[in-house]
Structure formats: C-alpha cells, structure tokens
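In what follows, a structure is listed as structure tokens, so that the remarks can point back to it.
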Amino acid sequence: MPAIAEQEYLTWRLVIRRIRLERNPTLTGTILITGASSGIGLETAEAFLAKGWTVGLVARSAERLEAIASRHSRAVPLPADVTRAEDVEAAVV
C-alpha cells in the first residue's frame with residue numbers, strides 16, 4: 001500500500017473510532033494516536049482523553065507532546081518519527 005493511501009486509511013480508522021467512542025460513552029481503555037501534536041490527531045487524542053482513556057501521543061515534536069501531556073494526566077508523550085522504524089520501536093517497547 002502506498003504511504004499516502006496508508007495514511008488516509010489510518011486517518012479514517014481514527015475517525016471511525018471517534019464515532020464509536022461518541023456512540024458508546026462508557027467505553028474506556030488505552031489507545032495510541034499518531035500525529036497527536038496537531039490537526040485531526042490532536043483533536044482525536046483530546047476526544048479520547050475527555051472520555052477517560054489513556055492516550056499514547058505519538059508525533060515528532062517532543063515539546064508539543066509534553067505541552068499536551070501537561071494538561072492531561074492520562075496522556076503519555078511518545079516522541080517518534082513514524083517513518084523511522086527505530087523511533088517507533090523505542091516509543092512503544
């Protein structure tokens with residue numbers, strides 16, 4: 001799958017998960033969100049955090065992730081460039 005198509009697929013999976021979360025407000029758990037420092041990734045992370053989920057925040061900008069985590073006790077900043085396998089492994093292992 002081309003990188004762009006894979007990113008679009010993953011973005012839509014997050015949108016679908018957000019819709020499911022809104023329909024089932026008692027559902028909680030742990031989720032890892034890439035691109036969590038801005039845009040749809042940040043909005044999705046904040047939606048899950050507002051519902052009581054523990055959220056692993058993945059993005060390249062450690063400073064932005066730390067700022068987000070400072071506002072949410074259940075946010076876990078995991079700075080990583082998802083195009084680099086070694087960054088991803090270090091973030092999630």
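The values are calculated or read from the model by the stated rules, or taken from the named source; none is laboratory data. Worth saying up front: this structure is predicted, and the values here are computed from it rather than measured. FYI the Cβ positions are ideal-geometry reconstructions off the backbone, even for glycines, and counts take in every protein chain you see. Note: accessible area is taken over every heavy atom of the protein model, side chains too, but ligands, DNA and RNA are not part of it. Shrake-Rupley method; radii C 1.70, N 1.55, O 1.52, S 1.80 Å.
Can you pull out every residue in segment 34-53 that is of a type in the set (S, T, N, Q) and open to solvent by 30 Å² or more (accessible area, probe 1.4 Å)?
34, 38
Kindly list, by first and then second residue, each pair from a residue in segment 70-88 that is farther than 20 Å from residue 29 by Cα to a residue that is hydroxyl-bearing (Ser, Thr, Tyr) and open to solvent by less than 50 Å² (accessible area, probe 1.4 Å), limited to pairs with Cβ atoms under 8 Å and residues at least 6 apart or on different chains.
79/61
Of everything in segment 53-93, what is closer than 14 Å to residue 35 by Cα and among the hydroxyl-bearing types (Ser, Thr, Tyr)? Give them in sequence order.
61, 83
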